[in-house]
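In what follows, a structure is listed as structure tokens, so that the remarks can point back to it.
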Amino acid sequence: MKIIAEKINGTRKRVAQAIAERDAEFIKDLAQKQVAAGSTWLDVNAGTHPDREPDDLVWLIETIQSVVETPLSLDSANPRALQIAIKAVKKTPLINSINGEQERLESVLPIVAEHGCPVIALAMDGNKIPETAEKRFAVITKIITATRAMGVPDSNLYFDPLAMTISTNTESGKIAFEVMRRVRQEYSEAHLTIGLSNISFGLPGRSFVNRYFLGFAIEAGLDSAILDPLDRELQAAILATELVLGRDKHCLNYIRASRKGLFDKPE
């Protein structure tokens with residue numbers, strides 16, 4: 001299970017403050033903690049005005065890379081910011097994200113293709129999220145047609161079926177699972193990811209919802225997720241799910257995590 005660590009995001013109040021004040025030590029500490037927790041990529045989202053975003057994104061990248069070597073996920077809706085930021089990275093980044101909107105495909109896909117980046121692709125057109133699994137999969141088909149035309153291999157695609165909050169539609173989880181299974185069936189080389197915390201927005205006991213949704217999603221084919229890697233119970237849920245699905249040979253990952261104290265109650 002590949003983890004895209006979510007915490008370096010300028011929409012979070014404390015991170016926004018660190019960006020504005022150029023508090024490098026706070027960002028470095030957050031990066032190091034997420035890497036120590038086993039992150040595959042560190043998502044980097046400046047969350048600032050488009051005029052400031054390129055400078056802020058480069059500052060974040062340089063600050064993070066001064067203390068960790070883990071690849072980054074460049075999280076921006078601003079093609080100009082991506083074009084500038086990608087020149088500052090030391091390792092090929094994940095791009096977050098494209099969708100089925102033609103303008104977005106035309107502005108970001110060339111960056112993805114030129115640099116050989118893996119990319120998150122949202123199952124939506126512009127700002128509109130299709131209500132049914134069938135319509136979301138139609139967007140995915142449109143995206144994969146465009147990526148193949150640009151020479152982007154299916155294995156570089158991380159499709160996000162979009163986990164909408166269950167509090168407004170109790171079918172949201174089932175819709176996401178249906179999209180995942182369809183992608184696995186039709187585009188077996190592609191990957192699946194999800195913004196995990198969206199599913200529980202507006203509900204009490206959100207961590208329980210997140211954990212159980214994640215278990216079912218892994219069974220449906222999910223192989224990466226945007227989540228908080230510092231959530232020990234979520235990490236335990238990933239390991240336990242992979243264990244019971246027969247994806248942990250000789251139970252080694254689970255046992256190693258236990259020996260490191262993952263399942264111990266924090267003091």
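Derivation of every value follows stated rules applied to the coordinates shown; laboratory data play no part. All figures in this text were calculated on a predicted structure; none of them were measured in a lab. Glycine gets a Cβ as well: all are built from the backbone with ideal geometry, and neighbour counts include every protein chain shown.
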So which chymotrypsin sites (Phe, Trp or Tyr not before Pro) in the range 181-237 are both in a DSSP loop and have at most 14 other Cβ atoms within 10 Å of their Cβ?
F201
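Tally Lys/Arg at +1 and Asp/Glu at -1 over every other residue whose Cβ is under 15 Å from the Cβ of H250; what's the total? Please list the in-between numbers first.
Working: positive: R247, K249, R256, R259; negative: E242, D248.
Result for the neighbourhood of H250: +2.
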Around S107, under 14 Å between beta carbons, what's the net of Lys plus Arg minus Asp minus Glu among the other residues?
-2
Give the lysines reachable from K7 as a straight Cα distance under 17 Å; neighbours fewer than 8 places away on the same chain don't count.
K28, K33
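Grab the beta carbon distance between I255 and K128, set R0 = 41 Å, and tell me the FRET efficiency rounded to 0.05.
Values: r = 46 Å, r/R0 = 1.12.
About 0.35, to the nearest 0.05.
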Rounded to 0.05, the calculated FRET efficiency for the beta carbons of Q83 and R247 at R₀ = 41 Å is 0.60
About its Cα centre, the chain carries a charge dipole, from +1 on Lys and Arg Cβ atoms and -1 on Asp and Glu Cβ atoms, whose size in debye to the nearest 20 is 540 debye
At 0.36 nm per residue, and after removing the present C-alpha to C-alpha distance, how many nm does the segment from E186 to D154 gain when stretched out fully?
10.4 nm
Sorted from fewest to most neighbouring beta carbons within 10 Å, what does the list W59, W41 look like?
W59, W41
Any residue on another chain or 5+ positions along whose placed amide H is under 5 Å from the amide H of D160 is listed here as A121, L122, A123, T193
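Counting Lys and Arg as +1 and Asp and Glu as -1, what is the net charge of the other residues whose Cβ lies under 10 Å from the Cβ of R182?
Values: positive: R136, R181, R184; negative: E134, E178, E186.
Local charge sum for R182: 0.
Would you list T70, T193, T141, T147 from fewest to most Cβ contacts within 10 Å? Display every interim value, and only then the final one.
Details: T70 19, T193 26, T141 16, T147 22.
The most exposed by this proxy come first: T141, T70, T147, T193.
Can you say what percent of the DSSP beta bridges in the range 111-267, counting only those with both residues inside, are antiparallel? Round to 5.
Numbers: 1 of 8 bridges.
Restricted to the range 111-267, the bridges split so that about 10 percent are antiparallel.
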In nm, give the distance between the simple-model label positions of A20 and F201, each being 7 Å from the Cα along the Cα-to-Cβ direction.
2.3 nm
Percentage of interatomic Cα-Cα distances in the range 2-231 larger than 28 Å
28 percent
For K135, the lysines lying under 29 Å Cα to Cα, once residues fewer than eight places off in the same chain are dropped, come out as K2, K174
Looking at the calculated P(r) for the range 90-221, what percent of the C-alpha pair distances fall above 18 Å?
52 percent
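So what is the calculated 222 nm ellipticity per residue for the chain, using -39500 (n - 2.57) for each DSSP H run with n of 4 or more, over all residues, to the nearest 500 deg cm²/dmol? Mind dumping the intermediate values first?
Working: 10 runs with 124 residues, N = 267.
Result for the chain, helices only: -14500 deg cm²/dmol.
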Note on the range 1-116: the mean projected area of its alpha-carbon convex hull, in nm², is 7.1 nm²
